[in-house]
1. Amide H of Ile122: which non-local residues (sequence gap of 5 or more, or other chain) have their own amide H closer than 5 Å, using H built in the peptide plane?
2. Determine the dipole magnitude for the range 17-58: charges of +1 sit on the beta-carbon of Lys and Arg, -1 on that of Asp and Glu, nothing else is charged, the reference point is the Cα centre, and the result goes in debye to the nearest 20.
3. So which aspartates and glutamates pass the test for Lys80, namely a Cα distance under 19 Å, with those fewer than 8 places away in the same chain ruled out?
4. Roughly how far apart, in whole Å, are the Cα centres of the range 68-141 and the range 16-42?
5. Using a Förster radius of 30 Å, what is the FRET efficiency between Phe66 and Ile155 based on their Cβ-Cβ separation? Nearest 0.05, please.
6. Viscosity 1.002 mPa s, temperature 20 °C: Stokes-Einstein D of the range 17-58 from its Kirkwood Cα radius, in µm² per second?
Amino acid sequence: MHLKWDKYSDQPKVIKDKALKKRIYKQTRWAFVKLLAINFVIYPVSFLLYLFIPAKKSSIKTKDFFGMSVNLDKNPQHSKVLIDDLQLENLLIRMPLSDIENLQAYVDFAEQFKDKNILINILQDRQHIEDLKLLHESLDKIFQQFSHLTLRFQIGNAINRKKWVFFLWMSICISTKSPIS
């Protein structure tokens, strides 16, 4: 299954097929049951701890608290000026797996921020989800190429598994007894 891409949100477009949505919810209902069960246990305990254990007062240094996402495909020539004007130290740079062939351009873009705290956000795509060998190779390349700039990586940025159709891939692997590793 291939979902249409929304270039404005950098995610797949919303699924409009009601039959598909219904199948998705049926396949993922146990995840919701598990989530509810865990919350029925954790929430009351957390609430009681909150009431009876005093919280430590702490101050947040705003310089360390704020950051910004900068993208190679979103006006990169002005990014450095904007970051310097805002005096930001923490940056998130998005690296789409779908654009792995341009990895060096992303590294070159990140080089201008080598004095900042950089987090590389690796964005998933269908091809890499379906081909685990390709995913492993691409992640290795990304880790190696960015290692002189940062050791902080976030793999994926959307928790909406249904929209990404990860559940279908997992269902196929489980139903065909395919290895997932």
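1. Close amide H contacts, sequence-distant or interchain: Met95, Gln154, Ile155, Gly156.
2. So the dipole magnitude of the range 17-58 works out to roughly 280 debye.
3. Asp64, Glu89, Asp108, Glu111, Asp115
4. The two parts, judged by their Cα centres, are 32 Å apart.
5. 0.80
6. Reported coefficient: 165 µm²/s.
Taken together, the values in this text are just the output of simple stated rules run on the coordinates, not laboratory data. What you see is a predicted model, and the numbers here were worked out from it, not measured in a lab. Because the Cβ atoms are built from the backbone with ideal geometry, glycine has one as well, and the counts that use them run over all protein chains shown.
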